[in-house]
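Accompanying notes for the structure given below.
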Amino acid sequence: MLHTAAGLTGIFVLCACASTPPAPNANLQEARHAIGAAEQAEAGRYAPNELRAARANLAAADAAVRAQNMATAQRLADESTADAELATARTADVMANSVNSEMKRSTATLTNEMRRSSGDPQ
Amino acid sequence: MNTAMKFKSFGTGLAAAAVASVLAACASTSVRPAGAIDARARLTRLQSDPALASRAPLAMQTADAAVRVAERPEADPDLEAHRVYMADRKIDIARAQAETRLAEDQRPELRAQSEKARLDARTRELDLAQSQTSLAKAEGAEQAADLQRQIDLAQARVAGSNLIVTLGNSLFSGDGTVLEDSSSGDLNRLAAVLDRYPDRTASIKGYTDDTGTEHGNQARSQRSADSVMAYLIAQGIAPDRLTASGMGDSSPVATNDSAFGRQQNRRVEVTIHTPESVER
């Protein structure tokens, strides 16, 4: 009986290996969507490395689908999504901080100018 | 004999399993758990940063969950590497979001500093300014005419005593998030007007069409308003004269049912406020 069970399991495993699982279309779609959002947020300018990684992982995921390696494809698609989401988050980070830097710079310029003009005998 | 053989093979199997598990342990100690340990350390550092810890709670939770998954022992090295990769990314996302939020939370303080510096400068230059008052009065009529000319140049309309300049969708990339290089024409005119009339303040409001989520639209509209503000500050406009807010898809000026309408709705409106002294 144990043997039968083992045999059945073996067959089951073999079946699972033989039949190709479906392509992870939802994951691929999510990655494409995340990359699109990152592109629109100008991540190409502010987080180019992350965006490049997202595109590379998506391309690798598509290649894995063609090679019928669906588990790998799904992981690569998920990694691509995470890359793209990071690209978007870093872009927002850079932009929010650039506003702050401009504010600081402007205040510093004003303070310096004032110091200089008050030092001048008028 | 049968039993003995079974026992022997069982023993061999056990030994093999032991070897395998030792090997696996070695392999995982030398590579992946190190990744998970490293991820955990980075997350802990983020969570114990008082300035960032509470600023992106949702992303922190996601990162924490991803690290816990990565810490789980896993026989498949590829899967383990994948989980560490995901954990690393989620931590970085949480950090970036928290830093963004921190920057936004620092704005009121920066604005106050800027205001104070300007006030100080004004106080010190009061004498000089007074001596130039007559000159300024002479310029008054010219100012009005100049503003009127700006109305013709940019997409502008008069609302009460204020002037509202609409920066169209074409000035922004994609769905209206960031300024393109080609945008500087209209924006430079706007900067010139603000530079010329230092007593005027401007509120910058970003708007989107109704495509996408409310939260996403709000964030996007804030980003476009912020980018206009950053541009104007870079052109020398004092930050305390400017405010930037994202209005999301709340106030469409055209229908969202057509591409043209949506394009009209994706915009930034800059209201140039006329101070009371000029109004009179």
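Name the residue, out of A:E39, A:E113, A:E30, that is among the charged types (D, E, K, R), within 10 Å of another protein chain (Cβ to nearest Cβ) and either within 22 Å of B:H215 (Cα to Cα) or in contact (Cβ under 8 Å) with a residue 40 or more places away in the chain (or both). Step through it out loud before you land on a result.
Numbers: A:E113 fails: either within 22 Å of B:H215 (Cα to Cα) or in contact (Cβ under 8 Å) with a residue 40 or more places away in the chain (or both); A:E30 fails: within 10 Å of another protein chain (Cβ to nearest Cβ).
Matching residue, one of A:E39, A:E113, A:E30: A:E39.
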Given the options B:R220, B:R241, name the one that is under 21 Å from A:A34 (Cβ atoms) and either within 12 Å of chain A (Cβ to nearest Cβ) or buried (at least 21 other Cβ atoms within 10 Å of the Cβ) (or both).
B:R220
Kindly provide the set of residues from region B:225-263 that are among the β-branched types (V, I, T) and over 25 Å from B:A121 (Cβ atoms), ordered by number.
B:V253, B:T255
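Being hydroxyl-bearing (S, T, Y), assigned to a loop (DSSP other than H, G, I, E, B) and farther than 24 Å from B:T255 by Cβ is the filter here, so list the residues in region B:196-224 that pass it. I'd like the intermediate steps shown before the answer.
Of all residues in region B:196-224, those hydroxyl-bearing (S, T, Y) come to B:197, B:201, B:203, B:207-208, B:211, B:213, B:221, B:224.
The next check asks that each one be assigned to a loop (DSSP other than H, G, I, E, B); those that pass are B:197, B:208, B:211, B:213.
Matches in region B:196-224: B:Y197 only.
So which of A:A77, A:A108, A:A47 is crowded, with 20+ Cβ neighbours inside 10 Å, of a type in the set (G, A, S) and either under 30 Å from B:A112 (Cβ atoms) or facing chain B (nearest Cβ under 10 Å) (or both)? So that I can check it myself, show each step before the final result.
Working: A:A77 fails: either under 30 Å from B:A112 (Cβ atoms) or facing chain B (nearest Cβ under 10 Å) (or both); A:A108 fails: crowded, with 20+ Cβ neighbours inside 10 Å.
Of A:A77, A:A108, A:A47, the one residue that is crowded, with 20+ Cβ neighbours inside 10 Å, of a type in the set (G, A, S) and either under 30 Å from B:A112 (Cβ atoms) or facing chain B (nearest Cβ under 10 Å) (or both) is A:A47.
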Residues within region B:191-217 that are of a type outside the set (A, V, I, L, M) and closer than 18 Å to B:R107 by Cα, tallied
4
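Looking at B:P50, is it of a type outside the set (V, I, T) and over 21 Å from the mean Cα position of the chain (by Cα)?
Details: of a type outside the set (V, I, T): yes; over 21 Å from the mean Cα position of the chain (by Cα): no.
For B:P50, the condition - of a type outside the set (V, I, T) and over 21 Å from the mean Cα position of the chain (by Cα) - is not met.
Quick test for you: out of B:G261, B:G248, B:G216, pick the one residue that is in the same structural domain as B:A192 (by TED's automatic domain parsing) and on the phi > 0 side of the Ramachandran plot. So that I can check it myself, show each step before the final result.
On the way: B:G261 fails: on the phi > 0 side of the Ramachandran plot; B:G216 fails: on the phi > 0 side of the Ramachandran plot.
The unique qualifying residue is B:G248.
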Answer yes or no as to whether A:A96 is under 11 Å from the mean Cα position of the chain (by Cα) and at the interface with another protein chain (Cβ under 10 Å from one of its Cβ atoms).
no
Hits in region A:64-81 (condition: without any contact (Cβ under 8 Å) to a residue 40 or more places away in the chain and in contact with a helix residue (DSSP H, G or I) (Cβ under 8 Å, 6 or more places away or on another chain))
A:A64, A:T72, A:R75, A:L76, A:E79
Filter result for B:L102 (of a type in the set (A, V, I, L, M, F, W, C) and either over 30 Å from A:T72 (Cβ atoms) or away from every other protein chain (no Cβ under 12 Å) (or both)):
yes
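The values are calculated or read from the model by the stated rules, or taken from the named source; none is laboratory data. As the structure is a prediction and not an experimental result, all values here were calculated from the model. Cβ coordinates were reconstructed from backbone atoms using ideal geometry, including for glycine residues, and neighbour counts include every protein chain displayed.
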